[in-house]
Amino acid sequence: MKPIKTIFNKVINRKRLDTDDGLALLKQADLLTMGELANTVRKRLHPKRIVTFVVDRNINYTNVCVNKCAFCAFYREANSPEAYILSKDEIFRKIEATIDQGGTQILMQGGVHPDLELDYFEDLFSSIKSRFSIQIHSLSPAEITFLSQKADITVIDTLKRLNKAGLDSIPGGGAEILVDRVRKKVSPNKIRWRQWADVMKAAHTLGMPSTATMMFGSVETEKEIISHMVRLREIQDDTGGFTAFIPWTYQPGNTKLGGRSATAVEYLKVLALSRIMLDNFDNIQASWVTQGAKIAQVALEFGANDFGSTMIEENVVAAAGVTFRMTQQEIVNLIQDAGYHAAQRDTTYNILRKFSTKA
Ligand code: SF4
């Protein structure tokens with residue numbers, strides 16, 4: 001394993017880390033050293049100490065899913081008494097309430113429902129756009145791939161049609177770990193890592209930005225965490241279309257996979273490593289939804305410059321029994337109490353509103 005000092009020097013001298021460097025850091029560097037290195041990189045990119053967040057709502061239009069991932073507590077079988085598809089009117093009411101609270105974005109994700117095809121989403125998105133001025137940041141690569149297969153057209157043609165109907169940008173969900181050994185264990189029916197990457201590359205080619213996520217803390221190795229980051233970095237080198245990286249931890253409650261949750265230390269070290277490894281990503285989000293407010297606040301010293309979203313509604317992590325909730329004011333207070341300037345942003349990180357710092 002490489003001497004740790006050599007790797008510190010690479011970070012300080014703005015040199016890109018390779019997989020072995022990342023692994024050595026994760027295995028050998030202590031928590032505070034990782035934080036210091038990540039903070040050094042964050043300060044270069046965000047010297048004004050601004051921490052952003054977006055006001056949005058997750059709308060889970062259905063909980064029926066053909067993929068049945070072992071780590072997921074949200075999905076239901078089509079014949080379950082708890083299975084649902086939201087009506088258009090219910091979706092419209094949720095969007096209206098989001099806009100009333102200053103929201104600028106909706107994140108619509110299922111379930112991959114076997115009966116909801118491309119024309120359903122074209123109709124839904126165009127109906128939303130004809131009524132509301134809001135960013136439609138929706139459908140993960142697994143849903144988009146399924147729609148393209150059902151319609152028997154390419155992913156890029158599927159995205160063109162969705163984009164024309166009103167889809168603006170793509171959330172990075174369903175990345176889990178972009179290594180097929182892990183995917184075969186935690187989500188064997190879901191798309192493989194190359195399909196996830198192909199959807200993102202196609203979206204970026206069309207000028208549709210996306211985020212990238214990583215769910216860790218289940219069955220992956222440390223090296224696989226780093227492979228995930230390197231694969232994202234390579235896509236970003238090619239397209240520049242990722243707006244942010246969002247690492248979050250597996251929540252075992254009510255899942256088939258079971259097991260334990262990652263500790264706060266494991267979360268913060270991986271978060272810090274992502275800031276150091278992903279040298280072509282501007283924004284790294286803290287995950288208060290899985291970590292709670294206090295660890296999310298600490299995450300700002302470990303490379304994060306964004307508090308994610310207010311999530312007026314969140315159902316997927318809540319299904320695993322984790323129900324942290326926060327108002328916009330609480331997010332602003334947390335950011336300010338940590339010594340940063342809070343700002344509301346839009347989906348592509350334009351600042352919409354700055355909050356005056358407390359005296
Ligand atoms: S994680 Fe997504 S794709 Fe997997 S079962 Fe849950 S809803 Fe379906």
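The values are calculated or read from the model by the stated rules, or taken from the named source; none is laboratory data. From a predicted model like this one, the values you see are computed outputs, not experimental measurements. Neighbour counts run over all protein chains shown; Cβ positions are idealised from the backbone, glycine included. The accessibility values were calculated without ligands, DNA or RNA, using every heavy atom of the protein model including side chains. Shrake-Rupley method; radii C 1.70, N 1.55, O 1.52, S 1.80 Å.
When E143, E266 are compared by accessible area of protein heavy atoms, the largest-first order is E266, E143, using a 1.4 Å probe. Over the chain, accessible surface divided per residue gives 41 Å², non-protein components excluded, 1.4 Å probe. Subtracting the Cα-Cα distance of E224 and R44 from 0.36 nm times their residue separation leaves 62.1 nm of extension gain. Give, as ranges by residue number, the residues of the range 118-137 whose backbone N falls under 14 Å from the point 7 Å along Cα→Cβ of K160. Counting backbone N atoms under 14 Å from the label point, the list is empty.
Taking every C-alpha pair closer than 8 Å and separated by at least 6 residues, the mean separation divided by the residue count of the range 190-298 gives a relative contact order of 29 percent.
Coupling constants for the range 292-300 follow from the phi torsions by the Karplus curve (6.51 cos²θ - 1.76 cosθ + 1.60, θ = phi - 60°), and in residue order they are x, 4, 6, 5, 4, 5, 5, 4, 5 Hz; glycine and proline get x. The local environment of L352, defined by Cβ-Cβ distances under 11 Å, has a net charge of +2 under the rule Lys, Arg +1 and Asp, Glu -1. As a length-normalised measure over Cα pairs under 8 Å and 6 or more apart, the relative contact order of the chain settles at 23 percent. For the set K68, K223, K164, K354, solvent exposure ranked by accessible area (probe 1.4 Å, protein chains only) runs largest to smallest as K164, K354, K223, K68.
Defining a contact as two alpha carbons under 8 Å apart and six or more residues distant in sequence, what relative contact order in percent does the range 278-356 show? Relative contact order comes out at 24 percent. Of the residues S169, S227, the one with the largest accessible area comes first in the ranking S227, S169, computed with a 1.4 Å probe on protein heavy atoms. Rounded to the nearest 5, what is the percent of antiparallel bridges among the DSSP beta bridges in the chain? Approximately 15 percent, going by the DSSP bridge assignments.
In terms of the mean number of neighbouring beta-carbon atoms within 10 Å, the peptides 22-31, 284-293, 228-237 order highest first as 284-293, 228-237, 22-31. A Förster radius of 41 Å, combined with the Cβ-Cβ distance separating R325 from K5, puts the computed FRET efficiency at roughly 0.40. T211's amide H: which non-local residues (gap 5+, or another chain) put their own amide H closer than 5 Å, with H modeled 1.01 Å from N in plane and none for Pro or chain starts? Long-range HN contacts for T211: I170, G172, T243.
Rounded to the nearest whole Hz, the Karplus-based 3J(HN,Hα) values (6.51 cos²θ - 1.76 cosθ + 1.60, θ = phi - 60°) of the range 23-30 follow the sequence 5, 4, 4, 4, 7, 10, 6, 7, with x at glycine and proline. Dipole check for the chain: with +1 at the C-beta of Lys and Arg, -1 at the C-beta of Asp and Glu, and the Cα centre as origin, the magnitude is about 1000 Debye.
For the chain, set up a Gaussian network in which alpha carbons nearer than 10 Å are linked by springs, and say which option among V155, V11, V332 fluctuates the most. Checking each option, the largest mean-square fluctuation is seen for V11. A helix-only calculation puts the chain at -13500 deg cm²/dmol for mean residue ellipticity at 222 nm, using -39500 (n - 2.57) for each DSSP H run of at least four residues, averaged over all residues. Per-residue Karplus couplings for the range 238-251, computed as 6.51 cos²θ - 1.76 cosθ + 1.60 with θ equal to phi - 60°, are listed in order as 6, 10, x, x, 7, 8, 6, 10, 10, x, 9, 9, 3, 10 Hz, Gly and Pro entered as x.
Let me make sure I get this right: for the range 249-348, a, b and c are the square roots of the gyration tensor eigenvalues over alpha carbons, sorted descending. Under 1.5 in a/c it's rounded, otherwise prolate if a/b > b/c, else oblate. Which is it? Since a/c reaches 1.5 but b/c is at least a/b, the shape of the range 249-348 is classed as oblate. Around R260, what is the net charge, scoring Lys/Arg as +1 and Asp/Glu as -1 over all other residues with Cβ under 14 Å from its Cβ? Taking every Cβ under 14 Å from that of R260, the sum is -2.
For I50, the residues whose modelled amide H falls within less than 5 Å of its own, excluding neighbours fewer than 5 places apart on the same chain, are H341.
Counting only alpha carbon atoms, the long axis of helix 193-205 and the longest principal axis of the chain meet at about 80°. Exceedance of the 30 Å cut-off in Cα-Cα distance is limited, within the set K2/K48; K88/K164; K160/K256, to K2/K48; K160/K256. Taking label points 7 Å from Cα along the Cα-to-Cβ direction, D18 and E82 give a separation of 4.8 nm.
The C-alpha atoms of the chain define a longest principal axis, and helix 31-45 lies at about 70 degrees to it.
Given a 1.4 Å probe and the protein chains as shown, R194 ends up with an accessible area of around 150 Å².
Among the cysteines of the chain, those whose beta-carbon sits 4.7 Å or more from every other cysteine beta-carbon are C65. Got a number for carbon plus sulfur as a percent of the range 130-195's accessible area, 1.4 Å probe? After summing per-atom areas, the C and S share lands at 45 percent. Mean-square fluctuations from a GNM of the chain, with a 10 angstrom spring cutoff on Cα atoms, peak among A212, A202, A296 at A202. Charge tally for I191 (other residues, Cβ to Cβ under 11 Å; Lys, Arg +1; Asp, Glu -1): 0. Less than 5 angstrom separates the built amide H of F132 from none of the residues sequence-distant by 5 or more or on a different chain.
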